[in-house]
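The block underneath contains the structure these notes are about, expressed in structure tokens.
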Amino acid sequence: MKVIVPALLGFLLSGITQAEPPHLRDRQTGKYLGNLSANPYDADSVNNPYGRYGSEYSQDSINNPYGQYGSPYSNDSANNPYATNPPTIYGNDGYDN
């Protein structure tokens, strides 16, 4: 009995995989714009204030109010409600959601 429980638990947990968070891409160019992880320590997260995709100073960040993807006036911005080419959210399957 003592051997069966850990073996059964190991078998059940072996099927659990770590899912990647959804990510953003430019619709026209396909350029990667970071992932939508809530982890502020994830290097690729839009919620990392020091990372390439989360910094308010990075040109690739949706959090840069003066950048192409963060400006409220840019047609490529996630922050412009009238944008004609806002970033698209892609899931783990590779398709836009």
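Here are some notes:
- Placed amide H near G34: partners under 5 Å, 5+ positions off or other chain: L24
- Modelled FRET efficiency - R0 30 Å, Y73 with A38, Cβ distances, 0.05 increments: 0.60
- The base-10 log of I(q)/I(0) for segment 20-97, evaluated at q = 0.26 Å⁻¹, reads -1.20 [Debye formula, identical scatterers on Cα atoms, solvent excluded].
Quick note: the coordinates plus some simple rules give every number you see, no bench work behind them. Just so you know, these numbers come straight off a predicted model, no measurement behind them. Quick reminder, even Gly has a Cβ in these numbers, built from the backbone with ideal geometry, and neighbours come from all protein chains shown.
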